Amino acid sequence: MYDKVMLKAEYMDAARTLFNKELSVLNPYELNAVIARVIKTKIVNCNFNESLNLYSKEKIAIYFSIEFLMGRIVLDTLTNAGLRKLTEKIFAEEGIDINCLEDVEDTALGNGGLGRLAACFIESAATLGYPVYGAGLYYKYGLFKQMFDHNGNQIEAIDD
């Protein structure tokens, strides 16, 4: 079980370290970064020895894809780590509605069905405890956003 006072201190410390701001004044993108930093540290510290042991004895799968459409992973990770309700309480004390994170754009490399499939594969493998990594390439001008103009015609624009 996680300690509320300690978790709140970690969120506040991350807000000051990353943005030199108090937690209560962060915008949704900054909150997203703060939560990601704190939760990543907790997950890595919790599972480091287990992962090191597993990865050193087993074959490792590497899923290589041009696209990874991860979605709003911070809220999912909070839920999966059992920290969402506690984080909601901490944020509420600071006057923050955690649902503001829904305003943060999806984390994505690419925008297609294969990107979502790649992300689901990686998440499923991780959930089942398989040693797997996701690897991708970054093409500065290779990916594009698909949109529709006012006439209903598909148009593309560069997507960094």
| task | Answer with yes or no whether A33 is surrounded by 12 or more Cβ atoms within 10 Å (Cβ to Cβ), modelled with pLDDT of 80 or more and over 30 Å from C100 (Cα atoms). | result | no
| field | Which listed residue, of Y141, Y130, is touching a strand residue (DSSP E or B) at 6+ places or on another chain (Cβ under 8 Å), hydroxyl-bearing (S, T, Y) and modelled with pLDDT of 75 or more | value | Y130
| Name the pairs: first residue in the stretch 15-41 and under 16 Å from E93 (Cβ atoms), second residue outside any helix (DSSP H, G or I) and basic (K, R), Cβ to Cβ under 6 Å, at least 6 apart or on different chains? | A15/K21
| Hey, I96 hits all of (1) assigned to a helix (DSSP H, G or I); (2) hydrophobic (A, V, I, L, M, F, W, C); (3) surrounded by 12 or more Cβ atoms within 10 Å (Cβ to Cβ); (4) modelled with pLDDT of 90 or more but one; which does it fall short on? | (1)
| Of all residues in the stretch 36-67 being surrounded by 12 or more Cβ atoms within 10 Å (Cβ to Cβ) and of a type in the set (A, V, I, L, M), which is modelled with the highest pLDDT? | V38
| remark: The lone condition G136 fails out of (1) surrounded by 10 or more Cβ atoms within 10 Å (Cβ to Cβ); (2) at pLDDT 80 or above is (2)
| task | Within the stretch 1-20, identify whether any single residue is outside any helix (DSSP H, G or I), closer than 16 Å to R84 by Cβ and aliphatic (A, V, I, L, M), and answer yes or no. | result | yes
| task | State which residue is surrounded by the fewest Cβ atoms within 10 Å (Cβ to Cβ) when the search covers only the stretch 106-127 and only residues that are of a type in the set (S, T, Y) and modelled with pLDDT under 80. | result | T127
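The values are calculated or read from the model by the stated rules, or taken from the named source; none is laboratory data. A quick note: this is a predicted structure, and the numbers were derived from the prediction, not measured. All Cβ positions, even for glycine, are placed from backbone atoms using ideal geometry, and neighbour counts span all protein chains on display.
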